[in-house]
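**Student:** Right, I'll just put the structure down here and ask away after.
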Amino acid sequence: MQKILDDIAAQMAAETDRGEVADYIPQLAHVDPNQFGIAVATPDGQVYAAGDASTLFSIQSISKVFTLTIALGKLGDALWTHVGREPSGDPFNSITILEYESGRPRNPFINAGAIAVVDAIMMGHEPKEILGEILQFVHFITDDDSIRFDHKVAASEMEHRDRNAALAHFMKAFGHLKHDVDKVLGVYFHQCSIAMSCQQLACAGRFLMSNGVNQHTGVSVINPQRSRRINSLMMMCGHYDGSGEFAYRVGLPGKSGVGGGILTIAPGKGSIAVWSPGLDPVGNSKLGLKALELLVQKTGWSVFSN
Ligand code: GLU
């Protein structure tokens with residue numbers, strides 16, 4: 001595994017076409033695109049890494065996997081009254097199908113859906129309490145208390161919130177959001193601002209490769225059926241309108257973020273985190289996708305191989 005990751009990192013270092021860094025969040029526009037990291041956590045407790053795997057980056061939408069897990073733990077299947085579970089085929093911040101479907105977001109991984117998930121887990125609590133709970137959950141699944149929010153990134157998103165605020169107000173107008181829009185957005189932007197390295201992110205995904213149990217700590221995070229279902233949603237909806245392409249090229253459940261990270265789960269085999277800040281036109285890490293394609297070719301880990 002170490003040799004595979006070293007080879008992939010060397011190949012990625014030589015790439016010149018690295019995509020474009022997201023600049024609609026000004027704080028992310030400063031990130032150097034010439035970085036690449038990869039880490040794989042395996043069921044025997046090992047964490048293999050190569051490239052800039054210990055550099056912190058903004059996990060952005062990858063955090064939606066963690067809030068979905070919290071929401072399923074708190075609300076169970078009642079969550080699905082607030083949000084659907086079908087792929088959208090639309091960009092991450094699209095408002096069009098929201099209008100067709102009376103303000104109920106298609107799935108928990110598009111922005112509208114993730115905002116609805118935050119509203120559902122708030123349950124009358126103040127933003128501070130929910131943020132504490134989200135961070136505690138991330139510490140619990142990674143077994144690493146050093147992980148923090150990046151308040152500058154969260155503030156930068158809050159300042160440029162118009163698009164997400166429009167989605168939230170639209171949902172509220174249809175009765176799908178209970179709390180104050182700015183309070184919900186404050187939590188949502190902070191969850192997106194969590195800064196993690198590939199090594200930490202690969203550790204965070206361990207429970208999803210082993211039926212909901214973090215084999216490293218021996219603790220059950222979520223029941224096996226929910227773990228399987230979260231993986232299904234990642235497979236179908238984890239890359240917005242690039243989800244079909246990701247399934248075609250990689251064939252594993254994955255969730256991307258506009259910070260350039262991707263968390264990918266090979267059930268029973270590994271939890272993989274890749275990061276390279278340059279994005280393709282649909283907002284997924286260009287080299288991240290390429291690296292995962294190579295990893296799957298070299299390991300045979302696609303869920304469609306045997
Ligand atoms: N915080 C970002 C937004 O709301 C997340 C988008 C993403 O990572 O895809 O626009």
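The values are calculated or read from the model by the stated rules, or taken from the named source; none is laboratory data. Remember, it's a predicted structure, so these values are computed and weren't measured experimentally. No Cβ is skipped: glycine too gets one built from the backbone with ideal geometry, and neighbour counts run over all protein chains shown. Surface accessibility is based on the protein's heavy atoms, side chains included, excluding ligands, DNA and RNA. Shrake-Rupley method; radii C 1.70, N 1.55, O 1.52, S 1.80 Å.
**Student:** Out of (1) crowded, with 23+ Cβ neighbours inside 10 Å; (2) over 21 Å from Ser54 (Cα atoms); (3) of a type in the set (D, E, K, R), what's the single condition that is false for Arg206?
**Tutor:** So Arg206 meets the others, but not (2).
**Student:** May I ask you to verify whether Asn214 is crowded, with 21+ Cβ neighbours inside 10 Å, touching a residue at least 12 places away in the same chain (Cβ under 8 Å) and under 17 Å from the mean Cα position of the chain (by Cα)?
**Tutor:** no
**Student:** Identify the residue in the range 95-134 that is within 16 Å of the ligand (Cβ to nearest atom) and assigned to a loop (DSSP other than H, G, I, E, B) and, among all such residues, is farthest from Gly254 (Cα to Cα).
**Tutor:** Ile95
**Student:** State all residues of the range 92-108 that are closer than 16 Å to Gly257 by Cα and either polar (S, T, N, Q) or open to solvent by 60 Å² or more (accessible area, probe 1.4 Å) (or both); if no residue qualifies, say none.
**Tutor:** Asn93, Ser94, Asn107
**Student:** Which condition does Lys3 not pass, out of (1) within 17 Å of Glu157 (Cβ to Cβ); (2) open to solvent by 40 Å² or more (accessible area, probe 1.4 Å); (3) of a type in the set (Lys, Arg), if it passes all the others?
**Tutor:** (1)
**Student:** Can I ask one more? For the range 281-301, what are the residues that are within 16 Å of the ligand (Cβ to nearest atom) and of a type outside the set (A, V, I, L, M)?
**Tutor:** Pro281, Gly283, Asn284, Ser285, Lys286, Gly288, listed by residue number.
**Student:** Would you point out the residue of the range 157-191, among those that are more than 19 Å from the chain's Cα centre (by Cα) and near the ligand (Cβ under 10 Å from one of its atoms), that is surrounded by the most Cβ atoms within 10 Å (Cβ to Cβ)?
**Tutor:** In this case the residue turns out to be Leu167.
**Student:** Please pick out the residue among Ala14, Ala78, Ala49, Ala29 that is open to solvent by 10 Å² or more (accessible area, probe 1.4 Å), under 27 Å from Ala168 (Cβ atoms) and at pLDDT 95 or above.
**Tutor:** Residue meeting the stated conditions: Ala78.
**Student:** Could you grab me the full set of residues in the range 10-40 that are touching a residue at least 24 places away in the same chain (Cβ under 8 Å) and within 16 Å of the ligand (Cβ to nearest atom)?
**Tutor:** Within the range 10-40, Gly19, Glu20, Val21, Ala22, Tyr24, Ile25, Pro26, Gln27, Leu28, Val31 qualify.
**Student:** So for the range 41-51 (the condition being within 16 Å of the ligand (Cβ to nearest atom) and within 30 Å of Gly113 (Cα to Cα)), does at least one residue qualify?
**Tutor:** no
**Student:** Would you confirm, using the coordinates I've provided, whether Gln60 is modelled with pLDDT under 95, within 15 Å of the ligand (Cβ to nearest atom) and either polar (S, T, N, Q) or open to solvent by less than 10 Å² (accessible area, probe 1.4 Å) (or both)?
**Tutor:** Answer is no for this residue.
**Student:** Please go through the range 252-278 and give me each residue that is more than 14 Å from Ala41 (Cα to Cα) and among the polar types (S, T, N, Q), ordered by number.
**Tutor:** Ser256, Ser276
**Student:** Of all residues in the range 176-220, which are closer than 20 Å to Ile110 by Cβ, hydrophobic (A, V, I, L, M, F, W, C) and out of contact with any Ser or Thr (no Cβ under 7 Å at 6 or more places or on another chain)?
**Tutor:** Of everything in the range 176-220, those that are closer than 20 Å to Ile110 by Cβ, hydrophobic (A, V, I, L, M, F, W, C) and out of contact with any Ser or Thr (no Cβ under 7 Å at 6 or more places or on another chain) turn out to be Leu177, Val181, Val184, Leu185, Val187, Phe189.
**Student:** Can we say Tyr240 is modelled with pLDDT under 95, out of contact with any Leu (no Cβ under 7 Å at 6 or more places or on another chain) and not aliphatic (A, V, I, L, M)?
**Tutor:** yes
Residues are listed down the side, and each one gets a yes or a no for (1) closer than 19 Å to Ile141 by Cβ; (2) β-branched (Val, Ile, Thr):
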{"site": "Asn211", "(1), (2)": "yes, no"}
{"site": "Thr217", "(1), (2)": "yes, yes"}
{"site": "Ile222", "(1), (2)": "yes, yes"}
{"site": "Ser227", "(1), (2)": "yes, no"}
{"site": "Cys237", "(1), (2)": "no, no"}
{"site": "Gln297", "(1), (2)": "no, no"}
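**Student:** Additional query: Is it fair to say Phe92 is in contact with a Ser or Thr (Cβ under 9 Å, 6 or more places away or on another chain), of a type outside the set (Asp, Glu) and part of a loop (DSSP other than H, G, I, E, B)?
**Tutor:** Yes: the conditions hold for Phe92.
**Student:** Now, a different point. For the range 137-156, does any single residue satisfy the condition of being open to solvent by 50 Å² or more (accessible area, probe 1.4 Å), part of a helix (DSSP H, G or I) and away from the ligand (no atom under 16 Å from the Cβ)?
**Tutor:** yes
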